[in-house]
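The values are calculated or read from the model by the stated rules, or taken from the named source; none is laboratory data. The shown structure was predicted, so the numbers you read here are calculated from the model rather than taken from an experiment. Ideal geometry is used to build each Cβ from the backbone, glycine not excepted, and the neighbour counts take in all protein chains shown.
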Amino acid sequence: MGKRSTFLVSVLCFGFAFFYVPIFVMMFYSFNRSRLATVWGGFSTQWYGKLFENDQIIDAALLSLRIAVVSATMAVILGTMAGLILARMGRFKGRTLFSGMISAPLIMPDVITGLSLLLLFVTLQQWTGWPAGRGATTITIAHITFSMAYVAVIVQSRLLSMDESLEEAAMDLGSTPLRVMFDVTLPIIAPAMVSGWLLAFTLSLDDLVIASFTAGPGATTLPMLIFSKVKLGVTPDINALATLIVLVVAIGVAGAGYIMYRTEKRRERDVQMAVAGNE
């Protein structure tokens, strides 16, 4: 038993080290004085100052953030609706097709998704004149298309594990289905929706392949800009940019986790008070 526990702990530590040690090394070299990203030349924060003076990087970062926020929000709305249909509508005509369409973006290669969306936008432009050109709008639509599938799966899983007697009890007490949805169902699946939003936001912020297919000359996202710079060699300002992204994501995840923890504790306290009141 002891040897098995030691082996599992060793594997766990190796796994965490494999993922996080390169990130910490990158963050360490972002404070490098040298112009060479892999040669330590002393401690300095000069690259962070030069990073904020680079309008190209700032514009790409702001564009990526706008696209990620909009696409994640729309993905949560549409994905939650799809998850509710799959979990609550039971068997209906076309369910298998609908479920397959939801699952397809999860397993479809990014190259195929990006190429198909590019052909779609080109065809729409020829037939209807919209979109007038590929840019932030087409990238946002593309990101909504594939990220809503992840949200739908998360919400559906939460709904399937949810106790339906809570909804039935609310309807027995006279609540309409719409009130039950907003007063019972949505608060319970709120943590899943937050998780889906964070996942969709991360997928959008991280996407390179699909954005490359659906972007136009005037729309360069942050991953596209970084990829173009990395091909010429990694510079310390890229390490500084990546460090800031890691910190922002870490703060966002920690904040969302705290909010979800407080929400769950408040819900448990309300349930305990309701049970105590009935007794």
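At-a-glance table
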| item | result |
| --- | --- |
| Filter pass, residue 71 being surrounded by fewer than 19 Cβ atoms within 10 Å (Cβ to Cβ) and small (Gly, Ala, Ser) | no |
| Of the criteria (1) surrounded by 11 or more Cβ atoms within 10 Å (Cβ to Cβ); (2) free of Cβ contacts under 8 Å to residues at least 24 places away in the same chain; (3) not polar (S, T, N, Q), which one residue 35 fails | (2) |
| Any hit, segment 216-225, residues being under 16 Å from residue 72 (Cβ atoms) and touching a helix residue (DSSP H, G or I) at 6+ places or on another chain (Cβ under 6 Å) | yes |
| Identity of the residue in segment 163-190, among the acidic types (Asp, Glu) and not in a helix (DSSP H, G or I), that ends up nearest to residue 267 (Cα to Cα) | 163 |
| Filter result for residue 80 (closer than 30 Å to residue 140 by Cβ and β-branched (Val, Ile, Thr)) | yes |
| Conditions (1) more than 18 Å from residue 76 (Cβ to Cβ); (2) of a type in the set (Ser, Thr, Tyr); (3) in contact with a Leu (Cβ under 7 Å, 6 or more places away or on another chain); number of the one not met by residue 150 | (1) |
| Residue 65 closer than 16 Å to residue 144 by Cα, exposed (fewer than 13 other Cβ atoms within 10 Å of the Cβ) and at pLDDT below 95 | no |
| Sole residue being within 24 Å of residue 177 (Cα to Cα) and touching a Ser or Thr at 6+ places or on another chain (Cβ under 9 Å), chosen from 81, 89, 74 | 74 |
| Unique match (being in contact with a Phe, Trp or Tyr (Cβ under 8 Å, 6 or more places away or on another chain), within 24 Å of residue 223 (Cα to Cα), at pLDDT 90 or above and of a type in the set (S, T, N, Q)) among 38, 45, 73 | 73 |
| Residue in segment 164-214 that is farthest from residue 60 (Cα to Cα), counting only those that are surrounded by 18 or more Cβ atoms within 10 Å (Cβ to Cβ) and of a type in the set (Ser, Thr, Tyr) | 185 |
| Residue within segment 97-105 that is crowded, with 19+ Cβ neighbours inside 10 Å and either modelled with pLDDT under 90 or not basic (Lys, Arg) (or both) present | yes |
| Number of the condition not met by residue 154 [criteria: (1) within 30 Å of residue 249 (Cα to Cα); (2) hydrophobic (A, V, I, L, M, F, W, C); (3) crowded, with 16+ Cβ neighbours inside 10 Å; (4) at pLDDT below 90] | (4) |
| Selection status of residue 154, part of a helix (DSSP H, G or I) and either without any contact (Cβ under 8 Å) to a residue 60 or more places away in the chain or in contact with a helix residue (DSSP H, G or I) (Cβ under 6 Å, 6 or more places away or on another chain) (or both) | yes |
| Selection count, segment 102-121, where residues are among the hydrophobic types (A, V, I, L, M, F, W, C) and either closer than 13 Å to residue 147 by Cα or touching a Ser or Thr at 6+ places or on another chain (Cβ under 7 Å) (or both) | 8 |
| Qualifying residue in segment 231-245 (condition: without any contact (Cβ under 8 Å) to a residue 40 or more places away in the chain, exposed (fewer than 13 other Cβ atoms within 10 Å of the Cβ) and closer than 29 Å to residue 20 by Cα) | yes |
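A quick yes/no check of all residues on (1) farther than 17 Å from residue 159 by Cα; (2) without any contact (Cβ under 8 Å) to a residue 40 or more places away in the chain:
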residue	(1), (2)
70	yes, no
73	yes, no
80	no, no
87	no, no
90	no, yes
96	yes, yes
100	yes, yes
109	yes, yes
